[in-house]
Amino acid sequence: VVLESDLHKSWERNEFVLHYQPQGDGQRVIGAEALVRWQHPRRGLLSPSEFIPHAEETGLILPLGTWVLETACAQLAAWARDPAMAWLNLAVNVSPRQFCQPDFVEQVLCILDHAGVNPQKLKLELTESLLLNNMDDTITKIAALKARGVGFALDDFGTGYSSLYYLKCLPLDWVKIDQFFVRDVLTNPNDATIVRAIILLARSMGLEVIAEGVETEAQKLFLAQHGCNAYQGYLLSPPLSSGQFQEFMQQRG
Ligand code: G
Ligand code: G
Ligand code: MN
Ligand code: NA
């Protein structure tokens, strides 16, 4: 368990780092998801599940979320200057508390502008914990950013209480099938049915769909046969540091 005083010090000491997990479509790499890690001085690299909930409670998620967006956009700008990576998109996770800030839209646009990044390269991943009670505000914010080209994905699709309600109400671009359904898709008939239904539902609504946690060629093939070519998971690559990601792209070049 993470101590809150520890978390605050880590912020002052710049101990956070972004990793990038590649996303594929068939044989192509289309982009990556930015995943934050905490380089703890004694405990090594900590995953977000160990500190994001604390950061949410203490409010540290706000400066951390801003830092994540700035770092991600700086990375997008660097990729855009490299012909071997210029087309890549980057997906960034947004916390509910961050999204609910009144100036969230202005903040994102300002960061994009400052980094000199084409907004179409940025994809924001929202989770269902994103406050049902302020649906109008959520829709307004998504619409404002979409008007500038920013894309939106509904993360962890199917695991929340009201997935279909979100799908009905929000002007999304992508649905991410949670790895919870992908893991046993080849052996569990219920999972297979749910995954096929999610793909059909998303595509019928004109949404793109990407599967998370794809670990085998057989899973990738099953998904592709049912209309989902975009995937993310250990089959393509685990999350990588910025330098490792560059090497990964060069090797595939
Ligand atoms: O990398 P890992 O599988 O441990 O990530 C676990 C979860 O942590 C991700 O699915 C994502 O929802 C969340 N997460 C990762 N990076 C960020 C981030 O920068 N901001 C927020 N709010 N959540 C993140
Ligand atoms: O945004 P989200 O919480 O869904 O982030 C995805 C998490 O899942 C990341 O923390 C990442 O490390 C993890 N992950 C990514 N690919 C795989 C995979 O193929 N298998 C498993 N078990 N976990 C994965
Ligand atoms: Mn995500
Ligand atoms: Na997810």
Mind listing the Cα extents of segment 29-78 along all three principal axes, in Å, largest one first?
31, 23, 18
Answer in debye to the nearest 20: the dipole magnitude of segment 4-252 about its Cα centre, from +1 Lys/Arg and -1 Asp/Glu charges placed on Cβ, is 540 debye
Could you list which residues have their amide H under 5 Å from that of V209, counting only those 5 or more apart in sequence or on another chain, with H placed in the peptide plane?
V175
Projecting the Cα atoms of V195, L60, F16 onto the charge dipole of the chain, where Lys and Arg contribute +1 and Asp and Glu -1 at Cβ, the residue farthest towards the positive end is V195
Can you run phi through the Karplus equation (6.51, -1.76, 1.60; θ = phi - 60°) for segment 181-192 and list ³J(HN,Hα) in whole Hz, with x for Gly and Pro?
8, 7, 3, 10, 4, 8, 10, 10, x, 5, 4, 4
Dimensions of the chain along principal axes (Cα, Å, largest first)?
48, 46, 39
Residues with amide H under 5 Å of E125's amide H, sequence separation 5 or more or different chain, H placed in the peptide plane at 1.01 Å from N; which?
V92, N93, V94, A153
Can you pull the three principal axis extents for the Cα set of segment 58-198, in Å, largest first?
48, 41, 31
Of the listed pairs K123/K168; K9/K220; K9/K176, those with alpha carbons more than 30 Å apart are K9/K220; K9/K176
Summing -39500 (n - 2.57) over every DSSP H run of at least 4 in the chain, dividing by its residue total and rounding to the nearest 500, the 222 nm mean residue ellipticity is -13000 deg cm²/dmol
GNM of the chain, Cα pairs under 10 angstrom: of C100, C169, C228, the biggest fluctuation goes to C169
Which values of log₁₀ I(q)/I(0), to two decimal places, follow from the Debye formula for segment 157-253 at q = 0.23 Å⁻¹ with a uniform point scatterer at every Cα?
-1.15
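FYI, it's all coordinate maths here, none of it is from the lab. Treat the numbers as computed from the prediction; the structure is a model and nothing was measured. Every residue, glycine among them, receives a Cβ derived from its backbone with ideal geometry; neighbour counts consider all protein chains shown.
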